[in-house]
Structures are given as structure tokens and as C-alpha cells.
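Reading through the C-alpha cells given below for one structure.
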Amino acid sequence: MVWSVHNSQCNESKKIVWEVAPYLAGRGLDLGAGDFRILPHAITVDNMHHAMFGFNQKPDVMCDVEDLSLFGSQSMDFVYSSHTLEHILDYKSALKEWWRIVKVKGYLILYLPHKDLYPNMGENGSNPDHKHDFVNQDIIDAMMEVSGWDLIENQVRDEDEEYSMLLIFQKRGDKRHTCPYEDEKPAKTACVVRYGAFGDLMQASSVFAGLKDQGYHVTLFGSNPQAEVVKHDPNIDKIVLFDRDQVPNADLVSFWQWQKKKYDKFVNLSESVEGTLLAMPGRTLTYFPPAARHTLMNFNYLELQHALAGLPHNPQIRFYATQEELRWAEKAREKCGPGPVVVWALAGSSVHKTWPYIDSVIASIMLKYPTARVVLTGNEACQILEQGWENEPRVIRTSGKWTIRQTLAFQNYADLIVGPETGTLNAAACSPVPKVVLLSHSTHDNLTRDWKNTTVLHAKDTKCKGRGENEAPACHMMHYNWDNCTRTEDGVAQCQADISAQTAWIQIEKILDKALK
């Protein structure tokens, strides 16, 4: 549309917030913010010139946006400006100053009135404070005077209540200027939203593969560090990373609805497991009787995700290691010697995903299999579970030392993988490597039903807060603390304590005996 006095609005950023939100990760500035901060984490910078129009919102930093000497060079992940540049006489110098503080791979996002859609200087209805009337090419020409960039977006925004243009520049590490917005668009596009933990992203790898099989160009909306496990997945063409609460929870639906319009298929896997097949703390399903909750939630996690994506249920979970990672893993395996290697995932991301008899079974492995090696994996917090094995060279302690990608690459060379419901076990779901999974809040039907070469262990007679008087084979609940999970004197979940060491040892011994034949 073209501006008129009847559709004039003071808050231009509200019109564009969900368009630019994917570029606003990290630490950044909102220049000339006035009374509206583009997103809550943005640092507002303003000289309060808007006060003459009745705006009273105090900025985080009060100064002229032409001089950002308070901020170091390459100190910001993004610089955003809405309807500000046209007020600055020496706009080229301002652009150079804004560009100075953008990090390599960071973004400069410019939203400003378009000359052909807004009253020009001196015309009836024009803003008397405007110093310039711009078209997109004017800004591009000015940006040719700064270091290298990719012009990601170059839009004329003239629909609904907009009369503006949007340009998004991403800083390169060299002096080249490129325009990827001009690249030929894919014939079919799909966006998958998955912000979950490592295991959630590994499950989603099956969805990526299914979409790629159908010819889609696949974009992932993910988050760090979880998306680290899929960053080399060849079925993903583009990854857009979001910080925690980058888009406030209350606004996520609005953001998703805006982004949905850009793709031929929009697959939202948020709460496809958590909140749907695992009750979230404080929500109604948490307070259902265990048997009723089991009736509602005993459905396969991956099958539901395939259904949400409109895909046939063809499990294709896979971790894609780079050639360098595989070479590293192969050498690490060679160092273990010729005997069988057991990878043991010590704990998951929730309080209930730790088994209390690990040391007992490792001791049994050490006694029966002199050439065996046990590789303990986990994050830095898992180092406490490694204590006591410092003087046993056949137990290799890697918690907090190996990255998640190193751990997943190494699993390709293991003879057995053992652990609770963790991302490492999920990554091996479709791998032929034998697995022993210690289930806790999920059932076999939920998680492991379609896994290859997998032995499932679960407590058959557990009485706890989530399962009641053993009314269901799993609680089907998310646990961030012990409020709805029974903790034993040993500090572990009751359902894990009820899987005996002997039960696990029988299955592990059977697999290792077979590996040695």
C-alpha cells in the first residue's frame, strides 16, 4: 500500500518483527527504537528525539545513533534499525559506523520508508525531519563502500499497512559483495521447527530424510547446542538457529504463523513429544491417573512426527559424521585394542535418566572380558559418575572431554551401546550396533519399537509418583525436578533403581559373548 495520513502509524517495527526475528539471535542493537523494542533482548539506542511526538520510553543507551563509539568493533551479532536512517543527514557515515560494530556473520537489518510509497520531502504529508528519500538501490550503493557482505533480503514491502523496504546484509570475512537473494528459488520448500534436546533432533533427522526423499529444500529452525548434532546432515539445506526465548513463548504462535507463509510445507515438531506424548509439569495431563495417561500417550514418538510431516512411517534416524570425525573415531577405536568396546552413556538431560548399578556391571565386564574396554560418555556433570575408575586403564573416561559429535561418531565403532533414554542412544536407533536401553518415562512402544538390534530393559513392578501403584508401564511425564518422580535413597529415579544389575548383566553378557565368537 501507499502511505496516507489515515494509515500512518508510529510503530513501524511491529509490522516487520516476525519477518526479521530469525536474524536477531545473540546480542544486538535496536537503533532509534522509540517506544517499541523489536524483541525483548535487543539493546535499544535512542537520543529521545521521538519525545517531541509524545514517546516517553527511555532507551537502554541514550545517544545519537550516528556515534556508537560506546560499542567495540565487531561486538554485536546484529544491528537493527527501523525508519531511522532517513533522518540522518550523513547517512553513509552512519552506515559505516553501524557496520563497524557488526561481527563477521552478523547482520545489519534496515527497514525504512520507500520513496515510491511514502510522501517525499516537501510533499503534503511528508515527515519534516526526513533528510532523504530512498529506494533500495540507494542503500545498496552506499553499502558498496564498506567491507564484504551478502545481501540476504532486498524487499519492497507494500502490502497490508506497509510502505517500506527491507534490506538485510550479512557481514563476510572478506571484501566481496554478493546478492544471494537473487539466487534461483527451490521448487519445493519445507521448514521444520525443532528446538528440543539432542535426542529430539536425532529423531527429527528421520523427518529431514523423508522430506528430502520427496524433493523438498529443507530448512531447520533449531537452537544451540542441540542442533550441533545435525549440522552436517545432508538432508538439511539451511539451519536457522534461535537462542532460548529469542522469540518470547507468548509470541511463538504469531511468529510461526508468519513464517509458515514462506514455505510450501511447514512442519512444527514443537511439543510433538513433550507436552503431547509426555505430560509437562503443571499441565492438566500431569494430574491424570497413570493408567489414563498411558492410554492417551502410549504412541510412538517418531511415528507421530512423521504423521505431522505428512510422511510415511519409514524410520531413517541417522547421525552424519564428517570424514574428519570418522577418521578421529577410527583412531580412537584403534587405541582401545582388539577386544570388544562398550560405549556407556552415563546420564540423560533429566533427573530420572541415570541408572544406579553402572559400577557393578562394569566390574563384571572387567572380570569376564580381559580385553574389553568401556568408554564412559556424558557431559561435564557426568564426571562424578566416573569416579572410582581413575586407576583402571580399560575404563576410558570421556565425560566433558569429548564433544557430543565425537561421542556420536565413535559409536559407529562400538560393539555395544548402553544407556538410558539419551540423545546418544537415539542417534544409534537405526544403526546395526547392538544397544541396551534402560527405559524410564517412556515405553518400548513410545521410543524403541522400531529401533534396530535393541534390547529394552524397563522396571516391571515400579511404584512411584508417576506410575502410582504400578498402574502403567511408564509415567509418560517430563521431569525437570523430583516433584512428580520418586527419588530413592541412592538419588536415582525409582523406575531406574527397579531395573536390577543382574537383569542388565544377563543381556550385556549375551551380546559381548556373541561379539567375541
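Tabulated values for the structure
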| item | result |
| --- | --- |
| Per-region count, segment 271-314, residues acidic (Asp, Glu) and closer than 13 Å to MET478 by Cα | 2 |
| Unique residue being modelled with pLDDT under 95 and among the charged types (D, E, K, R) when the list is ARG244, ARG293 | ARG244 |
| Every pair of residues 6+ apart whose Cβ atoms lie under 8 Å, when the first sits in segment 499-517 and is modelled with pLDDT under 95 and assigned to a helix (DSSP H, G or I) while the second is surrounded by 19 or more Cβ atoms within 10 Å (Cβ to Cβ) and among the hydrophobic types (A, V, I, L, M, F, W, C) | ALA515/LEU416 |
| Condition met for ALA204 (farther than 30 Å from LYS14 by Cβ and either of a type outside the set (Phe, Trp, Tyr) or part of a helix (DSSP H, G or I) (or both)) | yes |
| Matching entry among ILE140, ILE109 (being in a helix (DSSP H, G or I), in the same structural domain as ALA25 (by TED's automatic domain parsing), of a type in the set (Val, Ile, Thr) and within 24 Å of ALA21 (Cβ to Cβ)) | ILE140 |
| Those residues of segment 337-355 which are of a type outside the set (Ser, Thr, Tyr) and either crowded, with 21+ Cβ neighbours inside 10 Å or in a strand (DSSP E or B) (or both), in sequence order | PRO340, VAL341, VAL342, VAL343, TRP344, ALA345, LEU346, ALA347, GLY348, HIS352, LYS353, TRP355 |
| Residues of segment 18-48 classified as more than 20 Å from PHE255 (Cβ to Cβ), outside any strand (DSSP E or B) and in contact (Cβ under 8 Å) with a residue 60 or more places away in the chain, total | 0 |
| Candidates CYS430, CYS485, filtered to the one that is in the same structural domain as VAL341 (by TED's automatic domain parsing) and either surrounded by fewer than 20 Cβ atoms within 10 Å (Cβ to Cβ) or out of contact with any strand residue (DSSP E or B) (no Cβ under 9 Å at 6 or more places or on another chain) (or both) | CYS430 |
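Quick grid of which residues meet (1) farther than 19 Å from GLY423 by Cβ; (2) β-branched (Val, Ile, Thr); (3) in contact (Cβ under 8 Å) with a residue 40 or more places away in the chain:
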{"position": "CYS336", "(1), (2), (3)": "yes, no, yes"}
{"position": "SER350", "(1), (2), (3)": "no, no, yes"}
{"position": "ASN379", "(1), (2), (3)": "no, no, no"}
{"position": "LEU385", "(1), (2), (3)": "no, no, no"}
{"position": "ILE396", "(1), (2), (3)": "yes, yes, yes"}
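The values are calculated or read from the model by the stated rules, or taken from the named source; none is laboratory data. What you are looking at is a predicted structure, and each value in this text was computed from that prediction instead of being measured. Heads up, the Cβs are rebuilt from the backbone with ideal geometry, glycines too, and the neighbour counts pull from every protein chain shown.
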